[in-house]
Amino acid sequence: MTAHLKKNTRGSVPGLAVHFERKTDHHTNKEIDVSKSYLNQDLMADGSDMLSRFNARLNDVYCMKRDDVKALATWIVTLPEELAEAPHEQQSAFFEATSNFL
């Protein structure tokens with residue numbers, strides 16, 4: 001398993017939302033296979049989109065409105081190799097436990 005944290009400015013959030021939620025078919029990253037997007041898991045899926053959740057959270061907390069302020073952190077977590085052949089339910093349980101931990 002690998003986990004990577006990236007801190008992002010407020011200005012980068014709309015572009016990240018488009019990328020993470022696969023709202024375009026014209027990705028600059030040629031490694032993205034949109035035919036496999038149905039396999040992506042969004043553990044925050046409550047019917048809202050990323051940008052709405054971000055803006056709602058900003059209404060609850062104080063965040064300076066400077067261009068250099070990191071207003072959002074994103075985590076990328078990969079499945080451990082030992083779970084690569086595990087049933088979907090077991091893989092989903094790993095990501096749910098990871099989300100709960102984070």
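The values are calculated or read from the model by the stated rules, or taken from the named source; none is laboratory data. Everything quoted here is computed from the prediction, not taken from an experiment. Cβ atoms come from the backbone with ideal geometry, glycine included; neighbour counts cover every protein chain shown.
Restricting to segment 8-40, count the residues that are aliphatic (A, V, I, L, M), in contact (Cβ under 8 Å) with a residue 12 or more places away in the chain and under 30 Å from Arg66 (Cα atoms).
Residues of segment 8-40 that are aliphatic (A, V, I, L, M), as a first pass: 13, 16-18, 32, 34, 39.
Right, trim to in contact (Cβ under 8 Å) with a residue 12 or more places away in the chain and you get 13, 16-17, 34.
Still in the list and also under 30 Å from Arg66 (Cα atoms): 13, 16-17.
So the count comes out to 3.
Taking the conditions (1) outside any helix (DSSP H, G or I); (2) surrounded by 11 or more Cβ atoms within 10 Å (Cβ to Cβ); (3) without any contact (Cβ under 8 Å) to a residue 12 or more places away in the chain in turn, Glu85 satisfies each one other than (2).
Restricting attention to segment 23-68, the residues that are among the hydrophobic types (A, V, I, L, M, F, W, C), surrounded by 12 or more Cβ atoms within 10 Å (Cβ to Cβ) and modelled with pLDDT of 90 or more add up to 5.
Close Cβ contacts (under 9 Å, 6 or more residues apart or on different chains) running from residues in segment 90-102 that are on the phi < 0 side of the Ramachandran plot and aromatic (Phe, Trp, Tyr) to residues that are modelled with pLDDT of 95 or more and assigned to a helix (DSSP H, G or I) comprise Phe94/Leu83. The listed residues are Leu5, Leu72, Leu79, Leu43, and the only one of them that is out of contact with any Cys (no Cβ under 8 Å at 6 or more places or on another chain), touching a residue at least 60 places away in the same chain (Cβ under 8 Å) and assigned to a loop (DSSP other than H, G, I, E, B) turns out to be Leu79. May I ask you to list the residues in segment 8-40 that are part of a helix (DSSP H, G or I) and farther than 29 Å from Glu89 by Cα? Matches in segment 8-40: Arg10, Gly11, Ser12, Val13, Pro14, Gly15.
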